[in-house]
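Enquirer: Mind looking over this structure? Questions follow.
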Amino acid sequence: MLIVKTSAKVPAIIVFGDSSVDAGNNNYIPTIARSNFAPYGRDFNGGKPTGRFSNGRVPTDFISEAFGLRPFIPAYLDPTYNISDFAVGVTFASAGTGYDNATSDVLGVIPFWKELEYYKDYQNKLRAYFGVQKANEIIADALYMTSIGTNDFLENYYTLPRRQLQYNVDQYQDFLIGIARNFIVNLHGLGARKISLGGLPPMGCMPLERAENVASSNDCVESYNTVAMNFNHKLSYLVMALTKELPGIQLVLSNPYYILLQIVKRPSLYQFDVSGVACCATGMFEMGYACDRYNPLTCTDASKYVFWDAFHPSEKTNYIMSDHLVKTALRKFL
């Protein structure tokens, strides 16, 4: 999968979020939310499982390459990399996390606020390595990306009683939007200027949700998709508000919803054969440790499947979504 390269217009891509953009940070914390084993990574460079929840690369890897940087973005907690590597791209993302601290508690992963603390630590290392002026230039010119929020609904709100007792879904969305707002304000205060806020995918179309939607012939769960759409509308209003509020900010919404929905609904347009179930195991429920190398049902060619496991797109889908975002929301940064 070749992506058209440009000369680098940003010096680095700095990533926050969940399993959609985690490159292996969870390998270094005590959690079951891991994917550093086969068949994960079987189509990654050298067939190596890295902790990415994919058969290959995740979207931010492709976006980094499209911006003329490296073809992958390493995890901050991975000891095989150092600050000279992270200076051109780093991800603080943690699979299973969300905006809400209660979401990260479910699987004992890195909370969203802690990702920002790691970023502050990163800034200090950058200044020690490059000197203050050069480091500050990288900080100001880098592209910051977030991809987060799905787990807040699927792993937390709709699964556990606590938040449902406190909020209806509209109020819970507003609660999350408030956290997103504070995050962007804090990031801007730390020197970030070019920021992409990630929207939610059509989460009702994930194989796991479809497998449980027996009453509707295993179609997408429309109520979940509606929640994702409404949340994305609120994020777009947040982008408009913060653009007026924060001096010098270039803030965009990178919304994967419609492109992924089109891939799911019309897979043959993108040369996929299967969109309702995933490649791994039965394709209905498995992810993480349930998706192991010994399952005889795992498909041989993940590029024919929209989803790799019951929750995560295949590398090919990640590429198509990334390419779309680079040509639309992220185009202004190229």
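Enquirer: In whole angstrom, how far apart do the alpha carbon centroids of the range 197-225 and the range 103-155 sit?
Expert: Each part's Cα centre sits 29 Å from the other's.
Enquirer: Can I ask one more? In nm, give the distance between the simple-model label positions of VAL274 and ASP121, each being 7 Å from the Cα along the Cα-to-Cβ direction.
Expert: With each label placed 7 Å out from Cα toward Cβ, I get 4.0 nm.
Enquirer: Report the extension gain between MET284 and ASN168 in nm, rounded to one decimal, defined as 0.36 nm multiplied by the number of residues separating them, less their alpha carbon distance. Write out the running numbers ahead of the final one.
Expert: On the way: separation 116, 0.36 × 116 = 41.76 nm, distance 2.84 nm.
Full-extension gain reported as 38.9 nm.
Enquirer: Say R0 is 51 Å: what FRET efficiency, to the nearest 0.05, do SER217 and ASP141 get from their beta-carbon distance?
Expert: Details: r = 50 Å, r/R0 = 0.98.
With a Förster radius of 51 Å, E is 0.55.
Enquirer: Using 13 Å as the cut-off for backbone N distance, which residues of the range 84-101 belong to the label zone defined by a point 7 Å from the Cα of PHE130 along Cα→Cβ?
Expert: The answer is 84-90, whose backbone nitrogens lie closer than 13 Å to the label point.
Enquirer: Dipole magnitude of the range 213-331 about its Cα centre, charges +1 at Lys/Arg Cβ and -1 at Asp/Glu Cβ only, in debye to the nearest 20? Walk me through the numbers before you get to the answer.
Expert: Numbers: 9 positive and 10 negative charges, 91 e Å.
For this selection, approximately 440 debye.
Enquirer: With every protein chain present, what is the per residue accessible area of the range 1-145 (1.4 Å probe, Å²)?
Expert: Working: 5260 Å² over 145 residues.
Roughly 36 Å² per residue, with all protein chains present.
Enquirer: Let me ask something additional. By how many nm would the segment from THR300 to TYR81 lengthen if fully extended, with 0.36 nm per residue of separation less the alpha-carbon distance?
Expert: Numbers: separation 219, 0.36 × 219 = 78.84 nm, distance 3.16 nm.
Separation in residues times 0.36 nm, less the Cα-Cα distance, equals 75.7 nm.
Enquirer: Can you classify the range 18-123 as rounded, prolate or oblate using the Cα gyration tensor, where a ≥ b ≥ c are the square roots of its eigenvalues, rounded means a/c under 1.5, and otherwise it's prolate if a/b beats b/c and oblate if not?
Expert: Numbers: a/c = 1.76, a/b = 1.17, b/c = 1.50.
It is oblate, given that a/c is not under 1.5 and a/b is not larger than b/c.
Enquirer: At what distance in angstrom do the alpha carbon centres of the range 264-308 and the range 160-180 lie from each other?
Expert: With the range 264-308 and the range 160-180 each reduced to a Cα centre, they are spaced 32 Å.
Enquirer: Going by average Cβ density within 10 Å per residue, which order do the peptides 97-108, 155-166, 252-263, 26-37 take, highest to lowest? Write down the numbers at each step before the final one.
Expert: Working: 97-108: 21.7, 155-166: 15.3, 252-263: 20.2, 26-37: 18.4.
With the highest mean Cβ count within 10 Å placed first, the list reads 97-108, 252-263, 26-37, 155-166.
Enquirer: Further, regarding this structure: Would you mind telling me the share, in percent, of accessible area of the range 20-146 contributed by carbon and sulfur at probe 1.4 angstrom? Don't skip to the end; give the middle numbers.
Expert: Details: 2320 of 4380 Å².
Answer for the range 20-146: carbon and sulfur cover 53 percent of the accessible area.
Enquirer: Please report the net charge: other residues with Cβ closer than 11 Å to the Cβ of ALA102, K and R +1, D and E -1. Each step should come with its number before you reach the end.
Expert: Values: positive: ARG162, ARG163; negative: ASP100, ASP105, ASP152, GLU155.
Value of the local net charge: -2.
Enquirer: To continue, here is another question. Report the trypsin sites (Lys or Arg not before Pro) located in the range 261-309 that are in a DSSP loop and have at most 13 other Cβ atoms inside 10 Å of their Cβ, or state none.
Expert: Details: sites: LYS265, ARG293, LYS304; in loops: ARG293.
Passing sites in the range 261-309 are ARG293.
Enquirer: Here's something else I'd like to know. Please calculate how many Å² of accessible area the range 202-334 carries per residue, with a 1.4 Å probe and no DNA, RNA or ligand atoms counted.
Expert: Details: 6100 Å² over 133 residues.
For the range 202-334, the solvent-accessible area averages 46 Å² per residue.
Enquirer: Please report the base-10 log of the normalised intensity I(q)/I(0) for the range 56-192, using a Debye sum with one equal scatterer per alpha carbon and no solvent, at each q in 0.12, 0.16 (1/Å).
Expert: These q points yield log10 I(q)/I(0) values of -0.54, -0.90.
Enquirer: Let me ask something else. Determine, for each peptide in 309-316, 203-210, 69-76, 241-248, the mean count of other beta carbons within 10 angstrom over its residues, then list the peptides with the highest first.
Expert: Numbers: 309-316: 26.5, 203-210: 24.2, 69-76: 21.6, 241-248: 12.0.
In descending order of packing, they fall as 309-316, 203-210, 69-76, 241-248.
Enquirer: Can you give the Rg to Rh ratio for the range 114-202, taking only C-alpha atoms and Rh from Kirkwood?
Expert: On the way: Rg = 16.5 Å, Rh = 15.0 Å.
When Rh is taken as the Kirkwood radius, the ratio is 1.10.
Enquirer: Let me ask something additional. Using Cα pairs under 8 angstrom and six or more residues apart, how large is the relative contact order of the chain, in percent? Present the calculation step by step, with values, prior to reporting the outcome.
Expert: On the way: 682 pairs, mean separation 63.0, N = 334.
Once divided by the residue count of the chain, the mean separation gives 19 percent.
Enquirer: Using 1/(1 + (r/R0)^6) with R0 = 35 angstrom and r between the beta carbons of TYR258 and TYR28, what's the FRET efficiency to the nearest 0.05?
Expert: Calculated value: 0.50.
The values are calculated or read from the model by the stated rules, or taken from the named source; none is laboratory data. Worth saying up front: this structure is predicted, and the values here are computed from it rather than measured. Quick reminder, even Gly has a Cβ in these numbers, built from the backbone with ideal geometry, and neighbours come from all protein chains shown. In case anyone asks, the SASA skips ligands and DNA or RNA and just uses the protein heavy atoms, side chains included. Shrake-Rupley method; radii C 1.70, N 1.55, O 1.52, S 1.80 Å.
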